[in-house]
Structure formats: C-alpha cells, structure tokens
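Working notes, structure below.
The values are calculated or read from the model by the stated rules, or taken from the named source; none is laboratory data. Predicted, not measured: the structure shown is a model, and the values here were computed from it. All Cβ positions, glycine included, derive from the backbone under ideal geometry; neighbour counts span all protein chains shown.
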Amino acid sequence: MTDQQLLDLLHQGLHHVTRRTFPPLSSQDNIESLGVDSLELLELVSWAEEKTEQRVPDEEIHAIVSVGDLITLLSDAGAKETLE
C-alpha cells in the first residue's frame, strides 16, 4: 500500500473506532490533537492491522505520536514481511 492509501485507510479507521468525523488527515497530524485517546489508538492499530494484514510490534505502539508514525510502522511491517 502507498502512504496515501494508508492515510485514507486510517481516516476510515478513525471514524470506525471513534464514531466521529475527521477532516482529511495528513501524516503530520498529532494523534492526541485529533482527540484520540490511548485506548482508541490501540483499537485503531488493531483495526489497521486487520485491514492491511500487517503486524505492528507491541513495543512500537507507545512511540506513535502522529498519523505518519503509524503509517511508517505499517509500511515497515509490510516491507519486513516482503523480505521474509
């Protein structure tokens, strides 16, 4: 998936998890500034893992600050899977 596709997917995921409407996302958007709490972030990560069939390492989740951080982790997970 491209970064733009992941961005669009995360936009859908935010709505799915929070039941709130969000403006178009950018990779620079801060997760906390979007009003997403830690539990919603975990739900979003789980939802995104299911949709992309990728796995974000649990130890990396605490480091997610921006939408771009999550995109990078999902992209890295896909790249690692491709190499294996």
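Tell me, which helices (runs of 4 or more DSSP H) wholly within the chain include 2 or more residues that are surrounded by 11 or more Cβ atoms within 10 Å (Cβ to Cβ) and of a type outside the set (Asp, Glu)?
Values: elements: 3-18, 38-52, 58-61, 67-83.
Counting at least 2 such residues, we get 3-18, 38-52, 67-83.
Name the pairs whose Cβ atoms lie under 7 Å apart, with the first residue in the stretch 2-23 and closer than 16 Å to Leu39 by Cα, the second surrounded by 12 or more Cβ atoms within 10 Å (Cβ to Cβ) and charged (D, E, K, R), and 6 or more positions between them or separate chains?
Val17/Glu40; Val17/Glu43; Thr18/Glu40
Can you pull out every residue in the stretch 70-83 that is basic (Lys, Arg) and at pLDDT 95 or above?
none
Please work out which one of (1) at pLDDT 95 or above; (2) of a type in the set (A, V, I, L, M, F, W, C); (3) out of contact with any Asp or Glu (no Cβ under 7 Å at 6 or more places or on another chain) is the condition Val67 fails and give its number.
Result: Val67 passes all but (3).
Could you please give the count of residues in the stretch 50-73 that are more than 20 Å from Ser33 (Cβ to Cβ) and among the aliphatic types (A, V, I, L, M)?
Going residue by residue through the stretch 50-73, those that are more than 20 Å from Ser33 (Cβ to Cβ) are 50-60.
This time we only want the ones that are among the aliphatic types (A, V, I, L, M), so: 56.
Adding up the residues that qualify gives 1.
For the stretch 24-48, give me each residue that is touching a residue at least 12 places away in the same chain (Cβ under 8 Å) and of a type in the set (A, V, I, L, M).
Residues satisfying the conditions are Leu25, Ile31, Leu34, Val36, Leu41, Leu42, Leu44, Val45, Ala48.
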